[in-house]
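Let me begin by presenting the structure, written as structure tokens, before commenting on it.
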Amino acid sequence: MTESRSGDPVSERSGLLLDAFDPQHFRENSETALAKLEKHLSDISIRGLELIEPAKLSQAAKALMTTEHQSVAAFDEERLAGIIDLYIRTGIQVHSPGYMGRQFSGVVPLAGVIDFVSAMVNQPASFYEAGQLPNVVERIMADELNRFIGWDPERFTMVTTSGGSLANLTALLAARNEKLPGYWSQGGSAVRGQPRPAIAVGADVHYSVARAAGVLGIGDAQLVRLPLNRQGQISPSEVRATLAAAERQNLKVFCMVASAGSTSLGAFDPIDELADVAREQDIWLHIDGAHGASLLVSDTLREKLRGIDRADSLTWDAHKMMFVPGPCTMLFYRNKETALSAFRQKASYVFDEEQDVYTAFDSGGKNFECTKRPMIMTLWALWAIYGRALFAEKIEYLCQLTQEAHDAVRADPDFETLHRPEANILCFRYHPADLMKRTGKRLDKKDVHRLQLAIRNRVKFEGNFFISKVNVEGVAALRVVMMNHQITGEHFRMLLSEIRRTGQDLLSSEEGTEKA
């Protein structure tokens with residue numbers, strides 16, 4: 001038997017259990033983490049990904065685990081330091097100028113501090129009584145950001161969700177239940193004998209939308225693919241004909257999904273023109289603005305989302321271009337009544353039968369999650385302290401930098417540009433103009449495809465830069481996403497030099513193999 005710190009005997013609790021929750025230890029542990037994170041943030045060297053074989057990483061992780069299993073292990077400061085070091089070292093270096101690969105970003109440090117606080121106070125945010133400030137702040141940020149969307153302040157609503165995929169699913173669910181009454185309670189039998197329900201999407205729509213169609217019981221075969229133009233945007237001149245063709249195949253499109261910053265090319269679909277079609281044919285218009293909706297906060301870039309006020313719903317990821325920890329996604333509805341149509345359930349243990357001034361702020365009835373992190377707190381804190389200009393200035397710089405990168409690629413005969421970037425995503429290929437003269441070989445599409453993949457993989461393994469790849473018209477392309485304001489045009493030119501050297505090495509080694 002041990003004694004608690006107040007002197008009363010306890011039989012179930014050990015001193016080590018109490019130590020694990022000790023506020024002084026919390027402070028000491030936090031200081032250890034903060035010192036290491038400060039060093040990490042101060043390192044702006046060019047570095048990519050240190051890719052470790054999974055078996056070796058697993059072995060390193062296991063070596064940091066206590067071997068004590070019968071009682072609470074004593075705290076080991078060296079073990080904690082090792083865990084933090086391994087965590088930092090093996091992650092994508094999002095704060096480095098060598099990171100140009102994905103759509104998530106390094107966070108504004110203050111947002112990390114607020115996320116740290118959220119983890120400790122641990123307030124689930126779907127219900128007001130559990131998370132009072134997060135629910136109030138969600139309304140505040142909804143009003144702040146709706147100033148750039150332009151919906152009726154009295155009629156719109158917003159709810160946070162854990163990621164753009166869940167937001168897209170929720171919006172499509174609301175659209176289905178709004179346009180196909182009875183589907184929620186009766187399933188497919190509600191539309192038996194009628195045309196099959198379908199969703200119209202851009203040909204390169206994010207895979208989460210296709211997944212959502214499967215989850216909703218719509219099915220991939222009932223996705224109507226809308227043709228794209230050379231810039232990767234939905235071609236408005238072909239939409240009506242495509243919808244008419246779908247109707248002849250006994251499909252009834254109830255929802256159209258447009259992109260504001262597509263994943264592959266960062267393309268912005270012509271929302272205004274698509275809204276005309278949606279209104280004509282009584283189709284719900286959802287905008288997947290997970291990446292590009294943040295351009296709304298910029299006076300110089302907002303025009304790319306012209307017509308957004310005519311959409312029915314909008315997905316907006318703050319953990320992409322608002323630079324906060326993920327996930328932090330906002331789902332906006334033009335009409336707040338439709339938000340309630342996504343889920344239609346009764347659960348006495350969470351939902352109150354009669355609303356009051358407090359429960360009116362609950363968001364549990366509008367989102368899939370019951371226990372939901374107070375993700376809006378990080379965004380609100382930055383907005384409250386720094387204001388809109390923090391986001392606008394960084395976004396505008398990143399888009400300007402991407403234009404500069406495009407011009408550099410276009411001016412170099414060893415590279416091929418594939419599009420003019422609309423935001424901060426650029427796709428291109430290494431394809432030397434004098435390849436035939438130097439090697440006596442012309443690359444076909446399969447060769448070009450394999451070369452881009454090989455370049456990307458070698459660049460990744462060498463660990464100086466981290467870039468991604470994507471297929472454009474069936475052929476692989478190198479893809480950069482500018483998310484770090486520490487990157488300059490010089491850094492990008494260094495990347496091009498590394499790609500060129502890597503491509504030349506690969507072509508030379510291939511030529512040598514063929515001669516042998």
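Using the Cβ-Cβ distance between Glu31 and Asn457 with R0 set to 56 Å, the FRET efficiency works out to roughly 0.90.
Using a/c under 1.5 as the rounded threshold, could you call the stretch 124-386 rounded, prolate or oblate? The axes a ≥ b ≥ c are square roots of the C-alpha gyration tensor eigenvalues, and prolate needs a/b larger than b/c, oblate otherwise. Since a/c reaches 1.5 but b/c is at least a/b, the shape of the stretch 124-386 is classed as oblate. Loop sites here are chymotrypsin sites (Phe, Trp or Tyr not before Pro) outside DSSP states H, G, I, E and B with no more than 12 other Cβ atoms within 10 Å. The longest part of the chain free of them is 22-348. Taking the helices alone, the chain has a mean residue ellipticity at 222 nm of -13500 deg cm²/dmol, built from -39,500 (n - 2.57) per DSSP H run of at least 4 residues and averaged over all its residues.
Can you give the relative contact order of the stretch 124-386 as a percent, counting alpha carbon pairs under 8 Å and 6+ residues apart? Working shown, then result.
Values: 480 pairs, mean separation 74.2, N = 263.
Here the relative contact order equals 28 percent.
A cut-off of 5 Å between modelled amide H atoms, ignoring neighbours fewer than 5 places along the same chain, links Ala477 with Val470, Asn471, Val472. Given the choices (i) -0.30, -0.85; (ii) -0.46, -0.97; (iii) -0.35, -0.92, log10 I(q)/I(0) by the Debye sum over Cα atoms at q = 0.06, 0.10 Å⁻¹ derived from the coordinates of this structure is entry (iii). Bridging of Lys446 to aspartates and glutamates at a Cα separation below 13 Å is possible for Glu473, once same-chain residues fewer than 8 apart are set aside. Cα centroids of the stretch 27-94 and the stretch 290-311: 39 Å apart. Which helices count as membrane-span-like in the chain under these terms: full DSSP H, at least 18 Å along the axis by C-alpha, Kyte-Doolittle mean of -1.0 or more? Long hydrophobic helices here: 77-90, 109-121, 132-149, 164-179, 388-410, 445-462, 489-515.
Bear in mind that the values in this text are calculations on the coordinates, not laboratory data. Just so you know, these numbers come straight off a predicted model, no measurement behind them. No Cβ is skipped: glycine too gets one built from the backbone with ideal geometry, and neighbour counts run over all protein chains shown.
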